[in-house]
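Take a look at the structure below.
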Amino acid sequence: MKSILSAIAVALILLFFFIRFLEKKSLYYPLKKIEATPRDIGLDYEDIFITTKDKVLISGWYIPSRSPRGTLLFSHGNGGNISHRLEKIKMFNDLNLNVLIFDYRGYGMSKGSPSEEGLSLDAEAVYHYLVNEKNVPPQTIIGYGESLGGAVTVDLAVRHTLGGIILEGSFTSIQDMAKKHFPFIPSFVYKTAFDALEKIGGIKAPTLHFHSTADEIVPYELGRRLFERAPGPKEFVDLNGGHNDAFLVSRDVFLSKIDAFVHKH
């Protein structure tokens, strides 16, 4: 009996660490190759390299507007890299917004390996770069979070001044996402939290929330729950399309709502 119990204990321990290994593999999908740049779509830009508080070098692009209404700090989703967001960058530039988009550690040309704490440090370093190097007033910075980047943006907004927050296809927490996709795995097993639901009540900036009713990756109800917890002023906008293309399928609504949000706030 003792040998059976010992074997079960060993198996459970191995399973625990295997799930932890799979957790990181399933959460981050970084690509290193930069496939195109803003110049390929007719936009001037600056390559930027910033060292984080824990001495990791991260990279990004600063795309200035000729008549800026504000500056968008773009935290992208968990897949690809900044070169896969050129369509959005062009949209934001057309709205007369400066854009600073950066790659998390381990993505694109950024060094290191992604983690929840690391992504938080990356966003904070970019924020300080805008404020201290570009002399951008904090109240004119709009945090834009795409999917996983929504949790990164909410975390940043709790700790620093932003003029507004735009969240697209964002979720409440990793535990809630896991319950939807892996209901057979106990939530306490997961090390990563990205608990935007817990944090969003502490932000002081207005928020604009986009979520597709047909989102096949981040359930619509998680986006609604996150919105309901936000303190306001706030607005929730339904989009059509999938998780990765709703901003294109619902392009007119997407752009008009951002335009109005920037004008108002």
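Past 30 Å, Cα to Cα, is the threshold; run LYS53/LYS199; LYS33/LYS179; LYS199/LYS264 against it and keep the listed order.
LYS33/LYS179
Using 0.36 nm times the number of residues separating GLU35 and LEU255, minus their current alpha carbon distance, what extension gain do you get?
That pair, GLU35 and LEU255, stretches by 76.7 nm at full extension.
Note the angle between two axes, namely the Cα long axis of helix 251-264 and the longest principal axis of the Cα atoms of the chain, as a number of degrees from 0 to 90, rounded to the nearest 10.
Relative to the chain, helix 251-264 is tipped by roughly 70 degrees.
Based on alpha-carbon centroids, what's the gap between the range 134-212 and the range 44-70 in Å, whole number please?
Answer, in whole Å: 21.
Ranked from highest to lowest mean number of other Cβ atoms within 10 Å per residue, what is the order of the peptides 64-77, 89-102?
In descending order of packing, they fall as 89-102, 64-77.
Rounded, prolate or oblate: which fits the range 122-265, taking a ≥ b ≥ c as square roots of the Cα gyration tensor eigenvalues, rounded meaning a/c under 1.5, else prolate when a/b beats b/c?
Judged from the Cα gyration tensor, the range 122-265 comes out oblate (a/c at least 1.5, b/c at or above a/b).
Relative to the longest principal axis of the chain, what angle (0 to 90°, nearest 10) does the C-alpha long axis of helix 148-159 take?
Roughly 70 degrees, rounded to the nearest 10.
Explain nothing, just the number: relative contact order of the range 2-264, from Cα pairs under 8 Å at least 6 residues apart, as a whole percent.
Dividing the mean separation by the residue count of the range 2-264 yields 14 percent.
Output needed: percent of Cα pairs per 5 Å distance bin for the chain, bins running from 0 to the one holding the longest distance.
The distribution over the chain is 1, 6, 13, 17, 19, 17, 12, 6, 3, 2, 2, 1, 1, 0, 0, 0, given as percents.
Express as a percent, rounded to the nearest 5, the fraction of DSSP beta bridges in the chain (both residues included) that run antiparallel.
Once the DSSP bridges in the chain are tallied, antiparallel ones form about 25 percent.
Hey, can you rank 127-137, 104-114 by average C-beta count inside 10 Å, highest first?
104-114, 127-137
With all pairs of different alpha carbon atoms counted, what Kirkwood hydrodynamic radius in Å does the range 186-265 show?
For the range 186-265, the Kirkwood estimate is 13.9 Å.
Once label points are set 7 Å from the Cα along Cα→Cβ at both ASP44 and HIS263, what is their separation, rounded to one decimal in nm?
2.8
For the range 151-241, which GluC sites (Glu not before Pro) are both in a DSSP coil and crowded by at most 16 other Cβ atoms within 10 Å?
GLU216
Enter the angle in degrees (range 0 to 90, nearest 10) between the Cα long axis of helix 2-27 and the first principal axis of the Cα atoms of the chain, meaning the one along which they spread out most.
10
Here, each number is a calculation from the coordinates, and none is a lab measurement. Quick caveat, the model's predicted, so the values are computed rather than measured. Heads up, the Cβs are rebuilt from the backbone with ideal geometry, glycines too, and the neighbour counts pull from every protein chain shown.
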